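The values are calculated or read from the model by the stated rules, or taken from the named source; none is laboratory data. The structure displayed is predicted, hence computed values, not measured ones. Every residue, glycine as well, gets a Cβ built from its backbone with ideal geometry; the counts of neighbours run over all protein chains shown. The protein model used for the area step is the full one, side chains on, heavy atoms only, and it has no ligands, DNA or RNA in it. Shrake-Rupley method; radii C 1.70, N 1.55, O 1.52, S 1.80 Å.
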Amino acid sequence: MKNAPILILVLILSISIPFTAAEAATVEEEQIDLQMREIAKTLRCTICQNESIWESQAELAHQMRDIIKERLMKGESPDEIRAYFLSRYGDYILLAPQKSGLNWLLWGGPFALLAVGGLFLYRTLSRWVAQTTITKQEDLPPIDDQLRKRIEQELHSRED
Amino acid sequence: MFIEIGHFAVVVALVLSVIGVIGPILGLKRNKPDWVRVARQAVTLNFFLISVGMAALIYSFLTNDFSVKYVMATSNSKLPIFYKVAGLWGGHEGSLMLWVWILTAFSTIVVWLHWRTQPAVMPYLISVQSVIMLGFLAMIVFLSNPFERLFPIPADGRDLNPLLQDPAMVVHPPMLYLGYVGFSIPFAFAMAALFSGRLGEEWIKVTQRWTLFAWIALTTGILMGGYWAYYELGWGGYWGWDPVENASFMPWLVGTAFLHSVMVQEKRKMFKVWNLFLIIVTFSLSLIGTFLVRSGVLSSVHTFATDPGRGLYILIFLALMMSLGFGTLIVRSGRLKSQIEMDSIISKESVFLFNNLFFLVAAVTVFLGTLYPLLVETLKTAKVSVGPPYYNAVFMPVALGLLLLMGIGPSIAWRKASLENLKKNFLLPILIALVGTAAAWLIGIRTVFGLAGAMIVSFVTTTIVMDFAKGSTLWARRYEFNYFKAFYEAFTNNQRRYAGQITHIGVLVMVVGIIASTIYQTEKVVPMRIGDAIQLKAYTIKMVGLQEVTGPNWTAQEGLFEVYRDGRFVTQLLPQKRIYTASQTPTTESAIHTVNLGHIFLTMPEVGPDGVTVRALINPLVLLVWIGGGIMGLGVFLNIFRSRSKASL
Amino acid sequence: MKGWHFILALAVVGLLVLFYKGLWGDPRTIPTVLIGTQAPSFSGPVVRTGEMITSSRFQGKVVLLNFWASWCLECRTEHENLLALNRRFGSNPDFVMLGINYQDRKEDAEKYLEVYGSTFNHLRDPKGAISIDYGVYGVPETFVIDRQGVIRYKYVGPLVGPAYTNLIENVLEPLLEGRPFPRS
């Protein structure tokens, strides 16, 4: 069982055998396909309920994928292509909202909550720890030599 | 005739649930225990009445009684019997019936199971359960009546939504509802505790198994839904961060936080208000999920036909339940004084708190992502979308943090973890985590999530293995057992802990599946004709034919594909493009071949006169997602059915 | 009341208000971002003749673009109104109407025009390039472009009833007569 992670990684390896060198043209085409997929996954199919244009089987999504490909072949960058769709359909088409204005609430909110919550938790815990030790010292009778001996004896007797 | 009897039964149940709400309150006020007993009978009777309603509906489905509007809308004479029964929860009205039926069943069990042992809270318990029942029954009777007749009687039904004609979809909604409704029981106990002022650990101990059951049912429901999406929606993914998926995920996240946090109260009598808060949030989120799915406020692949009237009703009900829950908590929480004793920040107690923080942040992330479009629309009348790219960037880091805590929590000491304790428990896991990360790097994993995943998974796996090893060694040494017997003894003597660890193993397995199948998925969408072949990693997929096939209520174009690896035949794949006859709705049926726990996945989204479009995927290790789910279930099963006689930790 | 009581109550109320407001919205409509921007240029073959038409031909004119498809049922309900529009404004030399055939087959489009009649040009958009340039997500959609080539109006859905009169009285007439465009 200790080797489980390694075993799993080996399994992954065994499945993902690298493909043999193909012709340069198809390699480039595959590269474009791959890029297209990455872009298409970040754009929302505007006529579907809630799918990216990569997942959607709608005709419009199909045409949008072709347009992404065309623009990639013209040498446009993924961000330029996203900007094009943004200029046509507005924020609705971006599956990851732009990082600006109110959207920072969305992007930063969870992390801010984590930070604030973490800090709050840490301070509360420290306060509790402080309280606990104070009450304990007050409550406990002073330890005299006799008591100390007994405690040590009991501790020894348990340590076998 | 049967349908009228069913309708009548449900109306009577509505009236009885009013008695269920008022009876116990009167009984308490006037000190007449008989009233509580009457309320108990009302709850029990309701279960039988709703069962009659269900039976009447199922009967109408099986006999193709299309004079019933609901049957007409969700069934068809050619629909296979299997799906006729499932058609019952294939639409809004029927699925509400299922909800209520499960609720009455659970309430009845609770009332009879805990009648003797929990007399003090029983009146409140009955009352709270009946309020929920009343809310849903009123909706069925006044706004979503599945017993409505149609005239003139149509010749045939419109058929069950073809996407729902799938075995996973038959099981998915009941499981989900078992989970949602299951959480109503700890919720009702919590409310009863608040009302009665019995705010000790009792309610948590009593509901422990209920909570576990609700949790695993919800987990199963979510995973089934994922499996359905995976092979029925045809894009090769099992989780799309769709609002409806999120709606079931949010109560899961907070419910999981609750599941962990109650352990602190049991052991250390701390966090009392917090636990009440968590269960109220969990149940509220179940109701919010119902609202989101059935009101049409959000657009999703899964929503029911929408109607603002229903939405408004659920919203009012939601407002009542949330006011009841949180209001009571606010008014009553002053009575609660946890005895706070915290010896050190480095202790199990504080890891539990951080676990809760992370779960809550995770839930808030999903919540924010789901509702943000609504918020923006309300504030700025603009539209935005929040989809997978957002969750991948924001949710995933939080999830990895949770995963890390999963390794620390079970192994760290209560009260105060000494440096020695930390070294003993975590030095080796840290080393192995480093080795694991290095190994991941060596085999070519370069993405941040892949590497972080490998690191955390190796860390947590090592802590769990060490935990098992330590327990077994102790027993082996003390009684000179062999290791198998020692392991068994260690396990059964502290079954709650080790069963929990098994559930954790399930989570790890699932995480490996998720990481592998997301980052290492290979995917191609290509037009093909007969005779064409494509190369997908090591596999060659060749299209050899296209044929017409006919099913009971559909016709399809079926593609014949052969898969080869290094020239050797591997398998044949037969994806279909179906047209369901009654509704003329097309669906894509995927064809899947399993290799090494991964899938070769093929669908034909488009079939035309000049060829087909093929979506081909390799999803490595994707099966681990559901195998992990199975292991989680095993862990919970062992936890629920552990023997009570043995000492529990 | 303690601090957390207040926050909790506020959060619950805020959430319920949000849900209440959400009930009255339609999650499917998308507000356009194109109003006030320069209309994208386009070119395409005329449905029946195949003659190529380029948008530069209409410079200085008020252009009404109507996106439609033969499979779109709502398009049929507005078709009569489109013909009426052309009867009313077609003689104005400063006005041009154009249909853009969206995601359709050539034969189907031709048949549709034959059955329902046509008095103005319709361009085919086989690759969806024009439609996507105009941010079209569902037919019918109608755009009005002013003399300077700026998109001034967009309507999603069939031009019937109030939508039709609004288009004439508050969009086309002011634009053609050079009156200030009333802000709605």
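Within segment B:446-472, being touching a residue at least 60 places away in the same chain (Cβ under 8 Å) and either surrounded by fewer than 18 Cβ atoms within 10 Å (Cβ to Cβ) or assigned to a loop (DSSP other than H, G, I, E, B) (or both) holds for B:THR447, B:PHE449. Can you tell me how many residues within segment A:24-57 are in contact (Cβ under 8 Å) with a residue 24 or more places away in the chain and either in a helix (DSSP H, G or I) or within 14 Å of chain C (Cβ to nearest Cβ) (or both)? Result for segment A:24-57: 10.
Among the residues of this structure, B:TRP241 counts as one that is under 15 Å from B:ALA363 (Cβ atoms) and outside any helix (DSSP H, G or I).
The set of residues in segment B:480-506 that are of a type in the set (Ser, Thr, Tyr) and either at pLDDT below 85 or crowded, with 22+ Cβ neighbours inside 10 Å (or both) comprises B:TYR483, B:THR492, B:TYR498, B:THR503. Is segment B:537-545 home to any residue that is within 37 Å of the chain's Cα centre (by Cα), basic (Lys, Arg) and either surrounded by fewer than 18 Cβ atoms within 10 Å (Cβ to Cβ) or assigned by TED's automatic domain parsing to the domain that holds B:GLU606 (or both)? The answer is yes; a qualifying residue exists. Taken as a whole, the condition of being within 12 Å of another protein chain (Cβ to nearest Cβ) and modelled with pLDDT of 85 or more does not apply to B:VAL448. Among the residues of segment C:93-109, those identified as open to solvent by less than 50 Å² (accessible area, probe 1.4 Å) and either out of contact with any strand residue (DSSP E or B) (no Cβ under 6 Å at 6 or more places or on another chain) or hydroxyl-bearing (Ser, Thr, Tyr) (or both) are C:TYR102, C:GLN103, C:ASP104. Filtering segment C:25-37 down to residues that are more than 7 Å from chain B (Cβ to nearest Cβ), surrounded by fewer than 18 Cβ atoms within 10 Å (Cβ to Cβ) and at pLDDT below 85, which residue is nearest to B:GLY311 (Cα to Cα)? Of everything passing the filter in segment C:25-37, C:ASP26 is nearest to B:GLY311 (Cα to Cα).
Residues in segment B:585-613 that are in a strand (DSSP E or B), open to solvent by 20 Å² or more (accessible area, probe 1.4 Å) and in contact with a helix residue (DSSP H, G or I) (Cβ under 7 Å, 6 or more places away or on another chain): B:THR585, B:ILE592, B:THR594. Identify all residues within segment C:132-168 that are open to solvent by 20 Å² or more (accessible area, probe 1.4 Å) and touching a Pro at 6+ places or on another chain (Cβ under 9 Å); write none if there are none. Hits for segment C:132-168 are C:ASP133, C:TYR155, C:VAL156, C:PRO158, C:TYR164. Here B:ALA417 passes the criteria (1) open to solvent by less than 20 Å² (accessible area, probe 1.4 Å); (2) assigned to a loop (DSSP other than H, G, I, E, B); (3) within 12 Å of chain A (Cβ to nearest Cβ) except the one numbered (3). The numbered conditions (1) modelled with pLDDT under 85; (2) in contact with a helix residue (DSSP H, G or I) (Cβ under 9 Å, 6 or more places away or on another chain); (3) more than 14 Å from chain A (Cβ to nearest Cβ) are all true for B:MET322 except (1). How about segment B:431-444: which of its residues are open to solvent by 10 Å² or more (accessible area, probe 1.4 Å), closer than 26 Å to B:THR518 by Cα and not polar (S, T, N, Q)? If the condition is that a residue be open to solvent by 10 Å² or more (accessible area, probe 1.4 Å), closer than 26 Å to B:THR518 by Cα and not polar (S, T, N, Q), then B:ILE432, B:LEU434, B:VAL435, B:ALA438, B:ALA439, B:TRP441, B:LEU442, B:ILE443, B:GLY444 are the ones that fit. Within segment B:586-613, the set of residues being of a type outside the set (D, E, K, R) and facing chain A (nearest Cβ under 8 Å) comprises B:THR588, B:VAL595, B:ASN596, B:LEU597, B:GLY598, B:PRO605.
Every listed requirement among (1) within 14 Å of the chain's Cα centre (by Cα); (2) away from chain A (no Cβ under 13 Å) is met by C:ILE132 save one, (2). Applying the set (1) within 34 Å of the chain's Cα centre (by Cα); (2) open to solvent by 60 Å² or more (accessible area, probe 1.4 Å); (3) of a type outside the set (Gly, Ala, Ser) to B:PHE61 leaves exactly one unmet item: (2).
Only one entry of A:LEU86, A:LEU60 meets the criterion of being within 14 Å of chain C (Cβ to nearest Cβ), over 30 Å from B:LEU597 (Cβ atoms), at pLDDT below 90 and open to solvent by less than 60 Å² (accessible area, probe 1.4 Å), and that entry is A:LEU60.
Here's the yes/no breakdown for (1) of a type in the set (D, E, K, R); (2) closer than 30 Å to A:GLN49 by Cα; (3) outside any loop (DSSP other than H, G, I, E, B); (4) over 14 Å from the mean Cα position of the chain (by Cα):
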{"position": "C:LYS21", "(1), (2), (3), (4)": "yes, yes, yes, yes"}
{"position": "C:THR29", "(1), (2), (3), (4)": "no, yes, no, no"}
{"position": "C:VAL33", "(1), (2), (3), (4)": "no, yes, no, no"}
{"position": "C:THR49", "(1), (2), (3), (4)": "no, no, no, yes"}
{"position": "C:ILE53", "(1), (2), (3), (4)": "no, no, yes, yes"}
{"position": "C:TRP71", "(1), (2), (3), (4)": "no, yes, no, yes"}
{"position": "C:ARG76", "(1), (2), (3), (4)": "yes, yes, yes, yes"}
{"position": "C:HIS79", "(1), (2), (3), (4)": "no, yes, yes, no"}
{"position": "C:ASN101", "(1), (2), (3), (4)": "no, yes, yes, no"}
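Taken across segment B:513-527, residues that are open to solvent by less than 30 Å² (accessible area, probe 1.4 Å), more than 10 Å from chain A (Cβ to nearest Cβ), outside any helix (DSSP H, G or I) and out of contact with any helix residue (DSSP H, G or I) (no Cβ under 8 Å at 6 or more places or on another chain) do not occur at all. Just one of (1) surrounded by fewer than 22 Cβ atoms within 10 Å (Cβ to Cβ); (2) more than 12 Å from chain A (Cβ to nearest Cβ); (3) on the phi < 0 side of the Ramachandran plot; (4) more than 27 Å from the chain's Cα centre (by Cα) fails for B:ALA616. It is (1).
Residues of segment B:619-628 that are within 10 Å of B:GLY506 (Cα to Cα), surrounded by fewer than 23 Cβ atoms within 10 Å (Cβ to Cβ) and either at pLDDT below 90 or not β-branched (Val, Ile, Thr) (or both): B:TRP626, B:GLY628. Of all residues in segment C:110-129, those being more than 14 Å from every other protein chain (Cβ to nearest Cβ) and out of contact with any strand residue (DSSP E or B) (no Cβ under 6 Å at 6 or more places or on another chain) number 10. Counting only helices (runs of 4 or more DSSP H) that fall entirely inside segment B:29-116 and contain at least 2 residues that are under 22 Å from B:ALA188 (Cα atoms) and touching a Gly at 6+ places or on another chain (Cβ under 9 Å), the qualifying elements are B:33-62, B:92-114. Considering B:VAL361, B:VAL384, the condition of being within 7 Å of another protein chain (Cβ to nearest Cβ) and at pLDDT 95 or above is satisfied by B:VAL361 alone. For segment B:341-358, the set of residues classified as among the acidic types (Asp, Glu) and either outside any helix (DSSP H, G or I) or modelled with pLDDT of 90 or more (or both) consists of B:GLU341, B:ASP343, listed by residue number.
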